[in-house]
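Below: the structure, in structure tokens.
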């Protein structure tokens, strides 16, 4: 015969179950975990584990963004990574957020990111530019796990982890963020290790001359091509030739 619950036990259950769950209370009240959870259900109480599972389910089924976007190796992912490596940061304290900040004249690039990532997050406008913040812990976790942290959020910036055949898409995304292309030159700017990696890839895949290196002694450097044949060949590689 089951032992009736006393008013004191029910009070203890109500106050401690939401934060401690079934196992500590089973030991404290000398009851089985099944008895604890059964009684908790009668009173509509949720355990910490249940709330965490519910939170994880909500994140995975988020309709505000494609949470599995960074799980693949596609042209769209490579393009967005280019923007992330140029102007992105990640926040992992309290909330996990991917943040992209650009000058106001590049707002079209953020709209393109929203489209590719199926994001419903709003672009915020400030005096000094535009910002897109995408908050989703699974999205950020996948980005960091599969591709590494963006340079602006890394103590030691690294090149992204993408296949060689997608580097042109990465370069196009980076160009759409903070780099420059005019009629007679094209350049990218970023941390040394990223620019060295990108420069080597462009020279290998496009067969152009080495770039001019600007500000090699600073934290970031610029790689620039100014010979018209080189510029046209790189534009064709990027898929943006006029």
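Coordinate-derived values only; no laboratory data. As the structure is a computational prediction, the values presented were derived from the model and not from experiment. Every residue, glycine as well, gets a Cβ built from its backbone with ideal geometry; the counts of neighbours run over all protein chains shown.
Just a few scattered comments:
- Simple spin-label estimate for residue 26 and residue 158 gives 4.1 nm between the two label positions (7 Å along the Cα-to-Cβ direction from each Cα).
- Cα→Cβ-extended label distance, 7 Å offset, between residue 93 and residue 181, nm: 3.8 nm
- GNM result for the chain, Cα springs below 10 Å: residue of 226, 39, 205 fluctuating most strongly: 39
- Under a Gaussian network description of the chain, with springs only between Cα atoms under 10 Å, the residue in 228, 167, 202 that fluctuates furthest is 228.
- Helix 192-206 axis, angle to the chain major axis (alpha carbon atoms, nearest 10°): 60 degrees
- Note on region 130-191: percent of Cα-Cα distances in each 10 Å bin, starting at 0 and stopping at the bin with the largest distance, equals 17, 44, 33, 6, 0.
- Nearest 10 degrees, 0 to 90: helix 228-238 Cα axis against the chain principal axis: 30 degrees
- log₁₀ of I(q)/I(0) at q = 0.09, 0.11, 0.12, 0.14 Å⁻¹ - the chain, Debye sum with one point per alpha carbon: -0.52, -0.66, -0.73, -0.89
- Percentage of interatomic Cα-Cα distances in region 63-154 larger than 17 Å: 43 percent
- For the chain, a Gaussian network of Cα nodes joined below 10 Å ranks 102, 83, 45 by mean-square fluctuation, and the top entry is 45.
- Taking 13, 23, 116, 139 and counting other C-beta atoms within 10 Å, the order from fewest to most: 23, 116, 13, 139
- Model label sites at residue 206 and residue 127, defined 7 Å from Cα along the beta-carbon direction, differ in position by 3.8 nm.
- Fewest-first ranking of 119, 109, using other Cβ atoms within 10 Å as the exposure measure: 119, 109
- For the pair region 203-222 / region 82-97, the C-alpha centres are spaced 25 Å from each other.
- Kirkwood-type hydrodynamic radius, region 116-162: 12.7 Å, calculated from all non-identical alpha-carbon pairs.
- Kirkwood hydrodynamic radius (C-alpha pairs) into Stokes-Einstein, region 179-242, 20 °C and 1.002 mPa s, D in µm²/s: 182 µm²/s
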